[in-house]
Each structure stands twice: as C-alpha cells, then as structure tokens.
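Undergrad: The structure is given below, and queries will be raised subsequently.
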Amino acid sequence: MLLKDKSLLVIDDDEIFSSTLSDLFSGRGMRVFTAETGGKGLEICSKEAVDVVVLDQKLPDVEGYKICEKILGYNDKAKIIFSTAFPSFDNAVKAIEVGAFWYLSKPFNLEELILVVERSLKHIDLERGIEDLRYLKQKEEDDLVFAGSSEVKTKIEELADFAAKSDSPVLITGETGTGKTLLAKTIHKKSRKKGPFVSVNCSALPESLVEAELFGYKKGAFTGAEGDKKGLFEVADQGTLLLDEIGEMPLTLQSKLLGVLEEKKFRRLGDVVMRKTDARIIAATNSDIDANQEVNLFRKDLYYRLNVIRIEIPPLRERRQDIRDLALYFLNSIDGGKELKIPESEIQILMAYGWNGNAREMRNIIERAVILATGDEIFPSKMLLLGIEKKFGIPEMSRQKTVKLIDVETEHIKSVLEENRGNLAKTARDLGISLSTLKRKLRGYKCQ
C-alpha cells in the first residue's frame with residue numbers, strides 16, 4: 001500500500017525508537033513528526049491534520065491514554081496506535097476505551113507496525129467513503145455535461161477540464177436549470193481530489209444555521225447543540241465543496257468564508273481549536289453577482305477570490321443547435337430500454353420553445369412524455385405551455401430555418417386534433433384551453 005501524502009506522528013521519549021520509525025515511514029512517502037512528550041505531541045496535532053499517531057503509554061509528562069481524547073479532538077479521523085514496554089490488560093482496556101485503534105507491546109516487529117499503519121489508513125479511507133455515500137445519495141450523473149456539438153458546449157467542457165487540473169476556486173454562473181451542479185460534479189470527478197463531493201444551497205438555509213452548517217459546532221455552543229457536529233468544510237476535506245447560490249450568502253459570513261479560502265483553516269462554533277481543510281471550493285449562482293458586488297451586496301474581496309476560474313453557462317435558448325442532441329440524450333437515459341423515438345416535427349417544436357427552466361425543464365418534459373407514451377413515439381410538445389415564447393422572441397437557429405411561433409402552435413394544435421380524430425372538446429382539454437379559444441384559433445389558421 002502506498003503511504004504517500006499521509007502523515008504519522010510518533011509520541012515517544014525513546015529517541016532511537018522515534019528516529020527508527022521516522023526513517024522507516026518517511027522512506028515510504030509519509031510525512032513524519034516526532035515528539036518526546038505528550039504536550040509537544042498535542043502541539044503538533046493542533047497544527048497538523050495527522051492521520052496516524054504512534055503513542056507511548058509512559059511519557060515524561062503524562063500517561064499516553066490520558067491525551068487520546070485531545071488528539072481525537074483535533075482530528076477525529078486520526079488512528080491512535082498504543083505502544084508500551086509495560087503491557088497489561090488494564091492498559092489495553094483503557095486504551096480502547098479512550099479511542100485507540102490498536103495496541104502493540106514493545107518490542108514488536110516493524111513489519112507488524114507497518115501492517116497496522118496500513119490497516120489504519122484503510123479504515124480512514126473507508127470512513128471517508130461512507131461519508132461520500134451520505135452526501136451522494138442521488139443517482140450518479142455521466143461525465144457528459146451537455147449533449148450537442150455547439151461551440152459553446154465545447155468551450156464549457158474545455159474550461160471544466162482546465163478547472164479539474166487546478167485546486168483554485170471556481171465560480172459557475174448561469175440561470176436556474178442550466179446544469180451548474182452537474183458541471184461542478186464533473187469538475188470534481190475529473191480532478192485529483194479523493195474526498196467526497198459535498199453541496200450546500202446557501203439560499204435554502206436560515207441565516208442563523210448557515211454558519212453552523214458550514215463550520216460545525218461544539219457541544220453546548222448554543223441551545224440545542226447537544227453534541228459535537230462536523231461542518232461541511234470538514235466533511236469535504238480532500239474533496240470538493242459546492243456553495244450553491246453563493247450570491248445569497250449573508251454578508252456577515254462572507255468575511256469568514258474569505259478567511260477559510262485564504263488560510264485553509266476554520267473554527268467550529270464554540271470551539272477554540274483551528275482545524276485545517278483541503279476542500280476545493282466551487283461556487284455557483286444564478287444571480288447577477290457582478291452587479292451585487294458593485295452595490296455592496298457581495299464583498300468585492302470575496303468576489304475576486306472566487307472568480308479565479310469562471311465558467312458561464314448560457315441558457316438553452318441561446319444554444320438551440322444543441323437542443324436536438326440534448327433531447328435525445330434525455331430520452332435514452334429515461335426510456336428504460338423501450339427504444340422510444342421523437343418525431344422530427346416534435347424536435348422542431350422543442351427547438352422553437354423558450355425553455356425558461358433550461359435543461360432541467362427539458363428533462364422533466366421528456367420524462368413526463370415517456371411516462372405517458374402509448375406507442376413507440378413520444379410527444380413532449382403536449383407538455384409545453386404554448387405562448388410562453390412571446391416574451392422572448394425566437395432567435396435564428398444555427399443552420400436551421402427560423403421557425404415562427406405561430407407555425408409551431410399551428411402544427412402542434414393540428415397534431416393533437418388529428419390524434420383525437422377531430423374531437424374538438426377533447427383537443428381543447430388536452431391543450432389546456434377553452435373550446436371557444438380552440439375554435440377561434442382554428443378559424444384564424446384557415447384565414448392565413
């Protein structure tokens with residue numbers, strides 16, 4: 001097992017023993033710290049996120065088991081391996097009771113210690129994997145961010161690849177439903193980060209809870225804090241933390257967030273211990289964050305710190321040439337092997353529609369059409385709210401003849417009328433309009 005990028009602390013007053021372990025594990029790629037007293041060992045723990053601690057039972061200033069709780073207070077993921085030249089059943093029980101991972105009696109074989117250290121690190125990875133599952137309950141998405149072949153889609157994917165190679169903050173902007181969270185997940189999966197992907201919606205939490213959610217708290221920090229709780233910066237350590245709707249974060253917390261970005265350190269509410277985090281920060285917003293920072297609704301220094309790598313996702317109506325491929329992608333991912341098809345007439349309607357809700361709206365429309373399908377074709381146009389385009393206008397489509405809204409509406413009504421075999425009342429109900437409105441529209445079409 002590779003031990004590179006892991007850390008080991010040896011707390012032992014035997015200088016030769018500590019030196020031997022330092023040479024052994026530093027030669028295997030680990031960062032190794034040594035301390036001859038319990039006090040110095042705790043000082044190192046307060047500054048470094050140590051993975052494994054080899055702790056002697058008899059120290060000049062304290063018995064080893066008495067500082068276990070403090071070690072775990074600095075990093076509850078740390079694994080403590082007790083070592084002692086005076087083994088006893090009582091000492092072993094005390095060690096386990098205060099959180100020791102393993103107990104070794106001196107002298108021991110160095111190969112045995114290597115195996116225990118490797119086992120400790122595997123447990124840490126397993127615990128982190130469980131946290132991954134806790135925060136990734138929803139179905140994994142493909143690496144595909146956008147279907148299609150437009151220049152916009154290609155540019156976004158190039159920026160995502162660039163962002164994945166860096167640990168710098170990323171700011172993703174775009175309307176609701178454009179795929180900001182999916183893009184953040186894609187960057188995380190393509191990155192070097194081994195920790196979990198954790199997401200929090202800053203606008204969904206009351207202001208009084210945002211700080212506790214991000215930074216965690218100690219028992220008794222406030223009414224109702226009945227135990228210690230990790231914050232999301234801690235949970236996302238060595239992974240990615242997505243701060244969704246960052247534009248809604250209270251100004252009082254923006255300075256604290258800036259401090260974490262600069263120092264990579266934070267403090268739980270009610271705690272005095274500074275904790276380290278190696279979480280990569282991705283922020284996303286559908287608000288005009290540029291305007292907000294100009295009118296002092298968003299801190300300029302935080303804006304500049306987040307705006308290192310910026311990716312703007314345009315609305316679907318501005319990249320209509322991708323709509324066909326995106327619709328087919330959603331159909332293939334939803335139809336469950338039914339091999340359904342979308343008629344070309346339906347594709348034309350989808351390409352002319354305004355898509356206020358962007359890709360999220362399209363997926364919902366396609367899914368509803370699949371559920372209601374009775375043959376081997378789906379008709380998503382039946383789910384659309386006709387007339388919504390009027391407040392947008394329809395821009396020209398790349399390499400496509402411009403489709404007028406009235407023509408789209410006409411074709412859709414005729415299609416539904418034909419499917420209902422000329423039954424005007426049923427057609428009006430299916431379209432969600434009154435019978436008199438349907439008759440008026442049909443008379444208008446005949447006059448064209």
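The values are calculated or read from the model by the stated rules, or taken from the named source; none is laboratory data. The model shown is predicted, which means the values in this text are computed figures rather than measured ones. As a convention, Cβ positions derive from the backbone with ideal geometry for all residues, glycine included, and neighbour counts pool all protein chains shown. Surface accessibility is based on the protein's heavy atoms, side chains included, excluding ligands, DNA and RNA. Shrake-Rupley method; radii C 1.70, N 1.55, O 1.52, S 1.80 Å.
Undergrad: Please go through the range 7-20 and give me each residue that is buried (at least 22 other Cβ atoms within 10 Å of the Cβ) and over 14 Å from K58 (Cα atoms), ordered by number.
TA: Initially, the range 7-20 is screened for residues buried (at least 22 other Cβ atoms within 10 Å of the Cβ), giving 8-12.
Passing the criteria: L8, L9.
Undergrad: Taking the range 15-39, which residues are in contact with a Ser or Thr (Cβ under 9 Å, 6 or more places away or on another chain) and either of a type outside the set (K, R) or without any contact (Cβ under 8 Å) to a residue 12 or more places away in the chain (or both)? Before the answer, list the steps.
TA: Step one: list which residues in the range 15-39 are in contact with a Ser or Thr (Cβ under 9 Å, 6 or more places away or on another chain), which gives 15, 17-19, 21-22, 30-36.
Matches in the range 15-39: E15, F17, S18, S19, L21, S22, M30, V32, F33, T34, A35, E36.
Undergrad: Continuing with this model, one more query. Has the range 168-182 got any residue that is more than 16 Å from R360 (Cβ to Cβ), open to solvent by 20 Å² or more (accessible area, probe 1.4 Å) and at pLDDT 90 or above?
TA: yes
Undergrad: With the requirement that a residue be open to solvent by less than 40 Å² (accessible area, probe 1.4 Å) and either more than 16 Å from V117 (Cβ to Cβ) or among the β-branched types (V, I, T) (or both), what does the range 21-38 give you?
TA: Selection gives V32, A35, T37, G38.
Undergrad: Regarding E69, is this residue under 17 Å from G99 (Cα atoms), free of Cβ contacts under 8 Å to residues at least 24 places away in the same chain and not hydroxyl-bearing (S, T, Y)?
TA: Numbers: under 17 Å from G99 (Cα atoms): yes; free of Cβ contacts under 8 Å to residues at least 24 places away in the same chain: no; not hydroxyl-bearing (S, T, Y): yes.
Criteria not met by E69.
Undergrad: How many residues are open to solvent by 10 Å² or more (accessible area, probe 1.4 Å) and under 17 Å from L306 (Cα atoms) if we restrict to the range 184-199?
TA: Total satisfying the criteria: 2.
Undergrad: When both residues are 6+ apart or on different chains and their Cβ atoms are under 8 Å apart, which pairs have a first residue that lies in the range 45-63 and is of a type in the set (K, R), and a second that is buried (at least 16 other Cβ atoms within 10 Å of the Cβ)?
TA: Close Cβ pairs (under 8 Å, with a partner that is buried (at least 16 other Cβ atoms within 10 Å of the Cβ)) amount to K58/G64; K58/T84.
Undergrad: Looking at the range 265-380, what helices (runs of 4 or more DSSP H) fall wholly within it and have at least 1 residues that are surrounded by 17 or more Cβ atoms within 10 Å (Cβ to Cβ) and either at positive phi or touching a Ser or Thr at 6+ places or on another chain (Cβ under 8 Å) (or both)? It would help to see each step written out before you state the result.
TA: Values: elements: 289-294, 300-306, 323-334, 344-352, 358-372.
Passing ranges, in order: 289-294, 300-306, 344-352, 358-372.
Undergrad: Being modelled with pLDDT under 80 and in contact with an Asp or Glu (Cβ under 8 Å, 6 or more places away or on another chain): is that true of S150 here? Give the derivation first.
TA: Details: modelled with pLDDT under 80: yes; in contact with an Asp or Glu (Cβ under 8 Å, 6 or more places away or on another chain): yes.
Answer is yes for this residue.
Undergrad: Same structure, new question: In the range 46-65, what count of residues is obtained for those that are open to solvent by less than 10 Å² (accessible area, probe 1.4 Å) and over 10 Å from I11 (Cα atoms)?
TA: 2
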